Amino acid sequence: MIAEVAREMSLLVFGAASDRRDVTQAIRACGVALAEIVWTCDDEPPQGISVTIDRREPTVVAHAHSERRGHRAIAFLDASAPVADGWLAELGGALYAMRDANAASFVVPTASNALASCGARATLLALHDIPQHERLDVRLALDDALHAFTARLHQNYMRAIVGVPHPYAREREDTSDEPLVSIVTLSWNAPNYTKTALESIRAYTHVPYETIVVDNGSGAETTEWLRTVPDIRVIWNPSNLGFGRGCNQGIAAARGRFVVLLNNDVVVTEGWLEDLLDAHARDPAIGVSAPRSNRIAGMQMLPDADYADIDAMHRYAASRRAAFRKTGAFVDRAIGFCLCIDRRVIDEIGGIDERYGIGNFEDDDFCIRVRAAGYRIYVCDDVFIHHFGSISFQANNVDWAATMGENWKKFAQKWRLPEAYPENGYHPQIAIARGFDRERHFFGLPDPATLPLIPPPTVGADEAEPSPERATSFVALVRDEFDWGEVAALVRRFARAFDAEADVRLAIACAGSLDAATLGARTEKLLTKEGRTPDATADISIDDVTDPSGWLAGLGTTNAVCGQAGLPAPFAALRVANETSPSALKRIASAGA
């Protein structure tokens with residue numbers, strides 16, 4: 001069966017061999033004729049077996065060997081994984097017996113062996129019928145990259161991922177992580193509303209997020225308060241640069257897979273962000289999702305949103321969420337008070353057109369470009385956000401009607417629409433039908449390096465209290481989201497390995513785009529998923545670090561072990577933990593005690 005479908009089968013071996021005899025037997029007795037065996041391990045390859053040695057990062061090697069599709073398949077084997085004779089034949093039989101399946105992996109026997117994704121421990125990937133533009137992300141560790149790759153196949157192409165029950169299989173570690181969402185909100189005086197919005201975000205947002213506040217020339221009352229808020233990043237403009245420019249600054253500073261443009265005169269409700277993201281997960285063609293509200297234009301307004309106070313509003317929102325789960329409508333434009341935007345849309349069409357000054361019609365313009373570029377806009381019936389309505393305009397004495405009239409002229413001229421103000425609305429389909437012209441319609445973002453960004457007040461490494469001495473410290477460095485993907489897996493394994501009584505520490509240095517406050521929140525969420533609490537887990541410290549050498553020297557440990565390979569100095573001088581399973585971490589700690 002395998003030979004009929006996959007005319008060429010390759011095997012990629014990675015990791016560290018715990019017993020060379022075992023991995024040799026696993027290769028020789030896989031049950032399938034192999035066209036090539038690629039050995040990426042640091043250990044010497046088995047004697048008597050012809051292999052291609054390639055000691056680049058395993059994901060890079062896997063990417064290269066999966067580029068040629070056709071009637072090919074590639075298998076992955078962790079050199080330390082226990083497998084039985086005929087393991088690859090067993091995976092192949094299960095894979096090719098199921099229609100529309102692209103991957104098979106061993107799982108601990110359960111009532112249902114369906115998988116949403118699979119890692120690389122002992123896995124077979126059929127390359128036929130996988131679109132060429134789908135590739136492994138070489139920035140991730142191989143296990144994480146294959147999880148992400150197969151998850152996309154499952155979600156975007158309805159490909160089945162086959163879980164094969166196997167008594168020797170180890171339960172896979174869930175290295176998937178929810179995407180970071182960047183919430184961008186503009187501030188222009190009226191600080192009480194911004195405070196209320198931020199409080200609601202903290203209370204009702206349960207996915208990883210960061211908050212970026214762009215202050216557009218507010219007075220001292222607002223700016224002095226913003227400096228005291230610890231869990232936001234602030235971009236401080238000395239004057240009002242306009243709604244479009246402020247949004248673009250926030251987007252340029254954003255680190256998330258999704259960007260939410262959110263007015264500061266709102267109160268979000270339970271599940272708001274999860275449900276906006278869920279729309280994108282259900283339909284990858286959706287580029288923008290948006291909520292319903294009480295004070296808004298068009299079909300997003302709910303006439304029955306009549307409540308006496310904020311508590312009643314939350315009850316109203318909860319009842320709508322229960323009644324309208326996973327329902328909504330596709331539209332050609334959504335109001336810009338809350339837009340959840342897929343990062344891919346921004347990459348394709350750019351940011352907000354800044355010609356509209358302090359505001360009005362910039363959201364129409366953005367939505368036309370979204371639709372003209374082939375993305376869908378979806379209004380979620382199960383998401384309700386309270387909107388006070390034009391608070392910044394009211395607080396700053398803006399002539400709303402005059403602004404609307406002037407900006408319509410700019411909008412109409414750009415999209416070749418009638419110049420007369422449309423008292424009864426206009427038809428965006430006329431502009432959408434002309435399509436997106438990148439040369440004419442793309443609006444670039446500012447250079448992040450030029451942003452007047454004020455970081456939240458944090459305790460630097462030099463000011464931090466001395467760390468208690470530990471016999472062993474596992475050390476990790478996070479410079480960006482890709483480092484975090486690797487370190488997140490280390491956090492999970494560390495939590496499984498050591499309880500609060502263990503004389504060990506996991507010390508994480510933040511020295512890039514992710515700060516300690518963000519990673520602290522993510523770490524707490526990871527521990528919750530593992531069924532652990534911070535006080536039941538061995539010490540995990542996370543610091544913003546500007547002087548890595550001083551930080552390492554201050555750890556107070558007799559045994560510092562780096563949890564990542566390939567880091568720059570001074571981390572490169574540390575011993576590297578090539579294996580970071582819970583049992584391996586325990587062995588390292590025992591040896592260093």
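The values are calculated or read from the model by the stated rules, or taken from the named source; none is laboratory data. None of these values were measured; they are calculated from a predicted model. Here Cβ is always computed from backbone atoms with ideal geometry, including for glycine, and neighbour counts include all displayed protein chains. Each accessible area value is taken on the protein alone, full model and side chains, heavy atoms only, with ligands, DNA and RNA left out. Shrake-Rupley method; radii C 1.70, N 1.55, O 1.52, S 1.80 Å.
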| query | For Leu453 and Asn192, what does the FRET efficiency come to when R0 = 22 Å and r is the distance between their Cβ atoms, rounded to the nearest 0.05? | reply | 0.35
| note | Taking R0 as 45 Å and r as the Cβ-Cβ distance between Ala565 and Val207, the FRET efficiency 1/(1 + (r/R0)^6), rounded to the nearest 0.05, comes to 0.90
| task | Quick one: compute the contact order of region 118-167, relative version, from alpha carbon pairs under 8 angstrom and 6+ residues apart, as a percent. | result | 39
| Heavy atoms of Lys525: accessible area, 1.4 Å probe, square angstrom to 10 | 60
| request: Give the carbon-plus-sulfur fraction of the accessible surface of the chain in %, rounded to a whole number; probe 1.4 Å, heavy atoms of protein chains only. | output: 51
| query | In square angstrom, what is the accessible area per residue of region 46-149 with a 1.4 angstrom probe? | reply | 41
| task | Of the options Gly566, Ala489, Gly425, report the single residue whose Cα projects farthest towards the positive end of the charge dipole of the chain (beta-carbon charges: Lys, Arg +1; Asp, Glu -1). | result | Gly425
| note | Relative to the chain, whose Cα atoms define the longest principal axis, helix 191-204 and its Cα axis are tilted in degrees, nearest 10, by 30
| remark: In the chain, taking the dipole from +1 charges on Lys and Arg beta carbons and -1 charges on Asp and Glu beta carbons about the Cα centre, the listed residue (Leu262, Ala589, Ala500) farthest towards the positive end is Leu262
| message | Which lysines, if any, have their Cα less than 25 Å from the Cα of Lys586, not counting same-chain residues under 8 positions apart? | response | Lys525, Lys529
| request: Ignoring everything but the protein chains, give the 1.4 Å probe accessible area of Arg333 in square angstrom, nearest 10. | output: 100
| note | Restricting to Cα pairs under 8 Å and 6 or more apart, the percent relative contact order of the chain works out to 11
| query | In nm, to one decimal, how far is the His71 label point from the Arg575 one, both placed 7 Å along Cα→Cβ? | reply | 5.2
| query | Quick one: length gained pulling Glu406 to Ala281 fully straight, 0.36 nm per residue minus the C-alpha distance? | reply | 41.2 nm
| query | Which one is right for this structure if Rg and Dmax of the Cα atoms in Å is calculated from it: (1) 26.8, 83; (2) 23.1, 66; (3) 32.9, 102? | reply | (1)
| If you place +1 on the Cβ of every Lys and Arg and -1 on the Cβ of every Asp and Glu, how big does the dipole about the Cα centre of the chain come out, in debye to the nearest 20? | 1420
| query | What value, in deg cm²/dmol to 500, does the helix sum -39500 (n - 2.57) over DSSP H runs of n ≥ 4 give at 222 nm once divided by the residues of the chain? | reply | -10000 deg cm²/dmol
